[in-house]
Amino acid sequence: MDQLNRRQWLRRAGLAGAATLAGNWAAIAGPAAGKRRGNLVNEDSLIRLNANENPYGPSQKVKEAMMEAFEVACRYPFPWQQELTEKLAKKEGVTPEHIVVTAGSVEGLRISGLVYNWQGGEVVAADPTFQALLNYAEQFGAYIHRVPLDGLSHDLDAMERRITSNTRLVFICNPNNPTGTILSADQLRDFCSSVSRRTVTFVDEAYYDYIGEPGYPSMVELVKDNMNVIVSRTFSKAYGLAGMRIGYLITRPDIARRLQSARAAFNNVAGLFGAMAALEDEAFYRESLKKNEESQQVIYQAIKRLNLLHARSHGNFVFFQTGRDINVLAEEMRRENVLIGRSFPPLTTWCRLSTGTLEDTKQACRALEKVLGG
Ligand SMILES: Cc1ncc(COP(=O)(O)O)c(C=O)c1O
């Protein structure tokens with residue numbers, strides 16, 4: 001097999017595997033990526049602003065740590081899984097028994113949806129929001145109460161009204177994907193502590209690192225108070241390690257044990273080494289947040305020139321009203337070499353645009369202005 005054929009074959013094989021294993025993810029990811037372009041892996045020079053990835057990662061230090069991991073690739077990953085667990089416990093101010101390291105936070109979301117709903121049950125969540133837990137629980141027979149957003153924010157009163165004795169879990173995504181909005185600190189605390197007295201409360205904090213408000217609380221504080229709360233975090237966003245699949249849950253030890261026993265696989269050593277190095281690379285972490293903000297400003301300026309409605313985002317993306325069917329807009333942007341987020345019914349005219357490198361974001365915004373303005 002020559003170089004090109006092998007690459008083409010791998011690309012096809014990768015896509016087929018992703019479609020089977022990850023369902024929607026294949027559609028979200030778009031055509032597979034290959035050769036490097038600057039810091040962004042991208043064979044066909046598409047600008048991929050559709051999956052809320054961090055194109056600056058991983059840092060050089062993290063890459064070196066992952067290379068080192070190949071020296072122990074013949075070993076099972078347990079010692080390093082334990083080492084990462086201990087480092088995460090220290091970071092979050094809890095014990096290692098409160099931490100479940102998972103294959104991306106999606107695994108944590110899925111096992112939580114499964115463990116609490118496999119014998120039937122109900123989940124209450126906002127709509128639209130991140131679907132991983134909901135879709136998985138649904139496959140195992142759960143009924144999902146999808147509660148429309150109030151504007152672009154969770155309607156907490158309406159969500160609370162939907163809780164019944166059959167409710168097994170309430171899901172809050174904060175910051176919310178796709179809207180990028182956050183709840184006020186008081187609303188969040190009050191809702192989670194009141195609801196967790198009745199049922200498990202799952203708080204997806206994938207974008208917590210990007211929250212711009214100083215002192216904004218993580219719901220890990222309720223876990224520390226021994227409440228019925230599960231928090232998920234990830235190395236895929238601010239740390240730029242989406243491809244290495246490392247996330248984690250922080251929850252009470254009794255819940256952590258239940259969830260741990262539902263895991264289907266282990267993490268690989270390269271991901272574990274990478275995550276540990278990422279925790280120590282403070283400079284990259286800070287730079288990553290700064291770069292995200294710069295690209296967000298570029299998007300805000302473009303949508304201001306286009307006079308479009310948008311929400312202030314606390315993620316690595318911006319959500320704005322285009323007035324056009326998003327599937328049509330996606331096609332038009334694809335012709336300009338830019339991938340944008342999928343449609344999020346019922347907000348089918350709103351676009352979720354991820355932040356890319358500054359250069360890619362500028363190019364995407366020029367394309368957006370051409371398509372929408374022209
Ligand atoms: C809210 C939210 N949670 C979780 C994830 C999944 O991230 P991971 O790569 O950790 O599985 C995403 C990915 O975009 C997300 O938007």
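The values are calculated or read from the model by the stated rules, or taken from the named source; none is laboratory data. Quick caveat: nothing in here was measured; it's all calculated off a predicted structure. As a convention, Cβ positions derive from the backbone with ideal geometry for all residues, glycine included, and neighbour counts pool all protein chains shown.
Structure values in brief
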quantity: For ALA69: the one exception among (1) away from the ligand (no atom under 16 Å from the Cβ); (2) outside any loop (DSSP other than H, G, I, E, B); (3) within 19 Å of GLU205 (Cα to Cα); calculated: (3)
quantity: Which numbered condition VAL170 misses (of (1) assigned to a loop (DSSP other than H, G, I, E, B); (2) under 17 Å from PRO128 (Cβ atoms); (3) not acidic (Asp, Glu)); calculated: (1)
quantity: Residue within the stretch 243-250 that is at pLDDT 95 or above and either over 24 Å from VAL115 (Cβ atoms) or not assigned by TED's automatic domain parsing to the domain that holds PHE130 (or both) present; calculated: yes
quantity: Residues of the stretch 138-163 satisfying the condition of being in a helix (DSSP H, G or I) and surrounded by fewer than 16 Cβ atoms within 10 Å (Cβ to Cβ); calculated: GLU138, GLN139, ASP157, ALA158, GLU160, ARG161
quantity: Residue check for SER165: hydroxyl-bearing (Ser, Thr, Tyr) and without any contact (Cβ under 8 Å) to a residue 40 or more places away in the chain; calculated: yes
quantity: Some residue of the stretch 230-246 being out of contact with any helix residue (DSSP H, G or I) (no Cβ under 8 Å at 6 or more places or on another chain) and not in a helix (DSSP H, G or I); calculated: no
quantity: Options GLY274, GLY356, GLY315: the member that is within 27 Å of GLN60 (Cβ to Cβ), touching a residue at least 40 places away in the same chain (Cβ under 8 Å) and either among the polar types (S, T, N, Q) or assigned to a helix (DSSP H, G or I) (or both); calculated: GLY274
quantity: Some residue of the stretch 153-160 being within 16 Å of the ligand (Cβ to nearest atom), within 30 Å of LEU272 (Cα to Cα), under 21 Å from the mean Cα position of the chain (by Cα) and assigned by TED's automatic domain parsing to the domain that holds ARG233; calculated: no
quantity: Condition check for PHE202: touching a residue at least 60 places away in the same chain (Cβ under 8 Å) and either within 16 Å of the ligand (Cβ to nearest atom) or surrounded by 21 or more Cβ atoms within 10 Å (Cβ to Cβ) (or both); calculated: yes
quantity: Unique match (being touching a helix residue (DSSP H, G or I) at 6+ places or on another chain (Cβ under 7 Å) and either under 27 Å from SER288 (Cα atoms) or outside the structural domain of LEU347 (by TED's automatic domain parsing) (or both)) among ILE144, ILE182; calculated: ILE144
quantity: Of all residues in the stretch 318-333 being in contact with a strand residue (DSSP E or B) (Cβ under 9 Å, 6 or more places away or on another chain) and in a loop (DSSP other than H, G, I, E, B), the one that is farthest from the ligand (Cβ to nearest atom); calculated: ARG324
quantity: Selection from the stretch 269-304 of residues that are among the basic types (Lys, Arg) and surrounded by 13 or more Cβ atoms within 10 Å (Cβ to Cβ); calculated: LYS291
quantity: Residue satisfying condition, being of a type in the set (A, V, I, L, M, F, W, C) and within 16 Å of the ligand (Cβ to nearest atom), within set PHE140, PHE130; calculated: PHE130
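Matching residues to (1) part of a loop (DSSP other than H, G, I, E, B); (2) without any contact (Cβ under 8 Å) to a residue 12 or more places away in the chain; (3) within 16 Å of the ligand (Cβ to nearest atom); (4) buried (at least 17 other Cβ atoms within 10 Å of the Cβ):
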{"site": "PRO175", "(1), (2), (3), (4)": "yes, no, yes, yes"}
{"site": "THR181", "(1), (2), (3), (4)": "yes, no, yes, yes"}
{"site": "LEU188", "(1), (2), (3), (4)": "no, no, yes, yes"}
{"site": "SER193", "(1), (2), (3), (4)": "no, no, no, yes"}
{"site": "ARG198", "(1), (2), (3), (4)": "yes, no, no, no"}
{"site": "ASP209", "(1), (2), (3), (4)": "no, no, yes, yes"}
{"site": "PRO214", "(1), (2), (3), (4)": "yes, yes, no, no"}
{"site": "TYR248", "(1), (2), (3), (4)": "no, no, yes, yes"}
{"site": "ILE255", "(1), (2), (3), (4)": "no, no, no, yes"}
